[in-house]
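Colleague: Structure in structure tokens, see below.
Quick note: the coordinates plus some simple rules give every number you see, no bench work behind them. Quick caveat: nothing in here was measured; it's all calculated off a predicted structure. With ideal geometry, Cβ positions are generated from the backbone for all residues, glycine too; neighbour counts draw on all protein chains shown.
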Amino acid sequence: MRRKAAEQVAREREQERQFRADWAEYRSRRPVPYTDEDAWRDERNAPRPAWTRADRHSTHEVTAARVVDAGGGIQAVIEATELRTLNNVADLDPVILTRAFDNDRRERTRPPVTVNWQRRPRRLTPDPQLLRRRAAGEPLRTLARDYSVAHTTLSRFFARPEISKQLRHTVSQAATSRAAASTPHAPPPQPD
């Protein structure tokens with residue numbers, strides 16, 4: 001999977017480099033259009049950037065990318081896309097899947113969240129995943145449905161000083177790990 005992702009990234013970089021070279025050559029030899037038809041023909045013959053895999057993402061790949069950006073791993077991708085098995089998910093974009101595997105690896109190496117769960121609401125059985133999901137921005141109503149409690153119960157739970165402190169810490173950890181995982185790349189040049 002990592003080999004496919006690396007090949008895809010290298011291929012897309014090469015295509016972008018080729019487009020920039022073609023565009024520079026086109027701009028240097030392009031004649032000044034004299035008529036509207038010449039301008040139309042000139043625009044029609046201009047080099048176009050190649051389509052990347054991200055340009056052709058399916059609905060499942062868009063969903064998977066959103067889950068991975070929130071810090072989800074492979075199991076979260078399977079659940080969100082409803083593809084049910086790893087073999088079905090294997091057909092998605094390799095770059096997204098590589099990031100999901102990286103999220104899983106980071107999750108395994110991350111120290112466990114330490115919160116005093118003794119003082120908790122009666123019906124709520126919190127776990128470290130609850131804090132991570134809330135830190136990722138999941139709404140209280142969605143979390144309440146998954147934990148079989150009212151959203152107001154979760155609101156009171158997250159309002160406790162020790163829990164809100166741990167939640168802020170988890171949010172900052174998630175932000176730094178996302179910043180470390182993202183790699184900036186320049187957008188392609190826009191034709192004049």
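Colleague: Cβ under 12 Å from LEU140's Cβ, LEU140 left aside: what net charge do those residues give with Lys, Arg +1 and Asp, Glu -1?
Modeller: +3
Colleague: Loop only per DSSP, at most 12 neighbouring Cβ atoms within 10 Å: give me the chymotrypsin sites (Phe, Trp or Tyr not before Pro) in region 3-68, ordered by residue number.
Modeller: Answer by residue number: TYR34, TRP51.
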